[in-house]
Amino acid sequence: MEVKSVTCVAPVNIAVIKYWGKTNEKLIIPLNDSLSGTLHTDHMCAKTTVAISSRFTKDRIWLNGKEESLDNPRLVACITEVKDRARNSGKLTEEELQWNVHICSENNFRLAAGSSVIGRLVYSLSSFFLLSVFFSVYALATLYKIDGDISAIARRGSGSACRSIYGGFVQWITGTNPNGTDSIAEQIVPASHWPEMRVLILVVSDSRKKISSTSGMQRSCETSELLKHRVAKCVPERMTEITKAILKKDFETFAKITMQDSNQFHAVGLDTFPPCVYMNDVSHGIANLIHTINRIAGRTLAAYTYDAGPNACLYLLEKDVPSVLAAVNYFFPTDRPKGEYYRGLNVDVTSVPKEL
Ligand code: DP6
């Protein structure tokens, strides 16, 4: 039996300029540009294998060994579009194009952490299912030998995950085309540009977020005046300034914009009606601690950023990891072993490992 397969290993990304809101729900076209660092760590990645064969009787997907329904419209849209592009590229025979697809995706978060803490954290950062959808598209595009940019298709799996297609710092640009073909991810710099950069993930809560990003951002678009101001004025300026800071390796400016953008994103959540509240008291406590240690040190040691949940992501330089961790451990002691609780330590921002 002939089977063609491709495997890719994909990491998560942490946004410093947040994506929040869509102009087209179906095509997942964002309201604003966004920018993130892609994490490179063996602890937090998803491995997806995609196979096509004449013997497969239907399309199927397994996540962490459990077969899931293929009813999800986002996944169906992705598979259909990849097949259309493959047909146009003429690189596969008509017969091969008729073959069904099997997708198998696993994350190693639980295995690596020795508990589900990191796994669930990542689930809330970017739903594992949608991450899998996204990387299925990536693997499928390779399998179907599609040339050119595929982030525009993959974006339809999950918005923010499309930035993980590249390593280092990556922007996802809104684009101007109403059909979304120019709404793509682009690498700003590879990880080797700023090798000292580190990310600490502080797990405040490992439960799933109460309001999904998809419905939270819909509600913000409908009700938040602040979101309009953010999109028209703040994000364009910040994208320009933070890109310059990354190119110059200016951590002070990078950190300030990162914290300001996270704060504004959560302010938009509060300006939404009914409000979307993602940070809790511990999240705010950590943000206060970071401002305090930065003030005492007389320079910026770390920058916090929070996605649609209470967990803190700290961007910092390698030389400051020991002092920042010491402060966090002192003020937020935990009964869990430190090594496990702050498992995100020494997460490098580096290129996407691919096994293609
Ligand atoms: C707060 O990518 O989860 O993490 O496109 O609807 O699937 P959908 O939303 P999603 O949004 C994540 C938003 C964010 C900020 C960011 O990562 O840019």
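None of the figures in this text is laboratory data; all of them are computed from the coordinates on show. Computed from a predicted model, the values in this text were never measured in an experiment. Neighbour counts run over all protein chains shown; Cβ positions are idealised from the backbone, glycine included.
Tabulated data for the structure shown
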| item | result |
| --- | --- |
| Cβ pairs under 9 Å, 6+ apart, first in region 299-312 and free of Cβ contacts under 8 Å to residues at least 40 places away in the same chain and in a loop (DSSP other than H, G, I, E, B), second more than 9 Å from the ligand (Cβ to nearest atom) and of a type in the set (D, E, K, R) | Leu301/Asp320 |
| Strands (runs of 3 or more DSSP E) lying entirely in region 1-87 (those with 1 or more residues that are more than 16 Å from the ligand (Cβ to nearest atom) and of a type in the set (Phe, Trp, Tyr)) | 60-63 |
| Subset of region 208-240 that is within 21 Å of the chain's Cα centre (by Cα) and of a type in the set (S, T, N, Q) - its residue that is farthest from Arg155 (Cα to Cα) | Thr240 |
| In region 176-196, the residues that are in contact (Cβ under 8 Å) with a residue 60 or more places away in the chain, out of contact with any Pro (no Cβ under 9 Å at 6 or more places or on another chain) and in a loop (DSSP other than H, G, I, E, B) | Pro178, Asn179, Gly180, Pro190, Trp194, Pro195, Glu196 |
| Count of region 204-220 residues which are assigned to a loop (DSSP other than H, G, I, E, B) and within 16 Å of the ligand (Cβ to nearest atom) | 7 |
| Subset of region 58-68 [touching a strand residue (DSSP E or B) at 6+ places or on another chain (Cβ under 8 Å) and exposed (fewer than 15 other Cβ atoms within 10 Å of the Cβ)] | Lys58, Gly65, Glu67 |
| Residue count for region 60-103, restricted to those that are among the charged types (D, E, K, R) and within 21 Å of the chain's Cα centre (by Cα) | 1 |
| Residues of region 160-169 satisfying the condition of being within 11 Å of the ligand (Cβ to nearest atom) and either surrounded by fewer than 24 Cβ atoms within 10 Å (Cβ to Cβ) or under 19 Å from Ile242 (Cα atoms) (or both) | Ser160, Arg163, Ser164 |
